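FYI, it's all coordinate maths here, none of it is from the lab. This one's a predicted model, so the numbers in the text were calculated from it and none came from an experiment. Here the Cβ positions follow ideal geometry from the backbone for every residue, glycine too, while neighbour counts run over all protein chains shown.
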């Protein structure tokens, strides 16, 4: 009957991609690159600075840019410029923030009609300050492992990085990024990218991610962190009181696991495969941020779980990070394929019996992890 929905036949046009967890109009633009310039203030627990988006409209008649945002972001000003057309002077833009869901809002930016044309680059600069949002975790010194200095880290998965910076907060959009981070004396900054430069005098860290990544894989940690190289492309980062234990537990295993994974799935794209151990306040066991895996320090109590989770995050370098699901609703694909790859790597490295034991252990924690990792599924 007419009321029955028909499946599209071969050759039918594809339905527009819809991500119900994003308020943005990401289908109207190509995000080529973005830059973050931030100053970290531990005293008031704020990050302040600006975001620069390099956007190319891909549809005619688009006069509004809609970004995912969060009530915890204080937007100070927004301007635009069009490089190469004699419009180098920034033009101030009007904007409004509308409610979206309990985990975010929409930032609606009115674009200058004369400057917006399909295929023409436009740069949008958003000046803002973060406050108490779900992506940013400020820890007083008493909550760190060493209890000597404060620490801050971000966790973008899932739908949280819209409280870190305005963005197209959907896995469907990937871009390269750079970042400049200014910090007080005695603070080391790490990001899910390669460090391109560091000025000890000015306490400025600069980072560059040359491979396109979705917004949820942009991550930052800053505090009293030291490192030891454990392989030609991997190092362990931790607070000084944890470092020797972490290095002893991992040894040279990371390079071994990477080598096995490359034999199975092809070259590792991300260059570095560093690991940073975070205090017990880290809300999940581990996070597969490119170049820099975040992992909870309490896992050092169990060599078995450490092995399982580090191999799992390495597997995400191929499944989830390099090849990514289109929307938040398909995040189970990322986790499912990474779990399959984890078991393949474990089997090749340690044999089928160890892989089977590790499989049972990892499955027992999967449901608990979903509560934090996939709130969109739990709320349905």
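Do you know the relative contact order of the chain, to the nearest whole percent, from alpha carbon pairs under 8 angstrom that are 6+ apart?
On the way: 789 pairs, mean separation 50.0, N = 380.
Across the chain, relative contact order equals 13 percent.
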**Prompt:** Expressed as a rounded percentage, what relative contact order does region 26-223 have, with Cα pairs under 8 Å and six or more residues apart?
**Reply:** 24 percent
**Prompt:** Considering the chain as a Gaussian network with a 10 Å cut-off on Cα pairs, which listed residue, 43, 238, 261, attains the greatest mean-square fluctuation?
**Reply:** 43
**Prompt:** Most fluctuating residue of 93, 31, 40 in a GNM of the chain with Cα springs under 10 Å: which is it?
**Reply:** 93
**Gaussian network model of the chain, springs between alpha carbon atoms under 10 Å - residue of 49, 61, 133 with greatest fluctuation** = 61
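For region 228-374, report the convex hull volume of the alpha-carbon atoms normalised per residue, in Å³, without decimals.
100 Å³
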**Asked** Alpha carbon centre of region 215-285 versus region 299-316: separation in Å?
**Response** 10 Å
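Rank these for me by crowding, 89, 263, going from fewest to most other beta carbons within 10 Å.
On the way: 89 7, 263 10.
Taking fewest neighbouring Cβ atoms as first place, the list is 89, 263.
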**Request:** Kindly express, to the nearest 10 degrees and within the range 0 to 90, the angle between helix 352-364's C-alpha long axis and the longest C-alpha principal axis of the chain.
**Result:** 50 degrees
**Item:** Nearest-ten-degree value, helix 240-250 long axis tilted from longest Cα axis of the chain
**Value:** 70 degrees
**Prompt:** How far is helix 303-316 tilted off the main Cα axis of the chain, in degrees rounded to 10, range 0 to 90?
**Reply:** 30 degrees
**Length-normalised contact order for region 228-374 - Cα pairs under 8 Å, 6+ apart - percent** = 20 percent
**Item:** Volume per residue of the C-alpha convex hull in the chain, rounded to whole Å³
**Value:** 176 Å³
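Quick check on region 26-223: what are the equivalent-ellipsoid semi-axes from the Cα gyration tensor, as sqrt(5λ), descending, whole Å?
After scaling each eigenvalue by five and taking roots: 30, 18, 15 Å.
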**Request:** Mind putting together the pair-distance distribution for region 57-148? All Cα pairs, 10 Å bins, whole percent per bin, short to long.
**Result:** 14, 36, 25, 15, 7, 2
**Centroid-to-centroid separation of region 124-202 and region 72-115 [C-alpha atoms, Å]** = 22 Å
**Request:** Give the order of 332, 237 when sorted by the count of other beta carbons within 10 angstrom, beginning with the fewest.
**Result:** 332, 237
**Message:** What distance in nm separates the two pseudo spin-label positions at residue 210 and residue 188, each 7 Å out from Cα along the beta-carbon direction?
**Reply:** 2.4 nm
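Per DSSP H run of at least 4 residues, take -39500 (n - 2.57); add these up for the chain, divide by its residues and hand me the 222 nm value, nearest 500 deg cm²/dmol.
-7000 deg cm²/dmol
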**Asked** If packing is taken as the mean number of other Cβ atoms within 10 Å per residue, what is the order of 175-185, 206-216, 115-125, highest first?
**Response** 206-216, 175-185, 115-125
**Message:** Going by average Cβ density within 10 Å per residue, which order do the peptides 157-165, 64-72 take, highest to lowest?
**Reply:** 157-165, 64-72
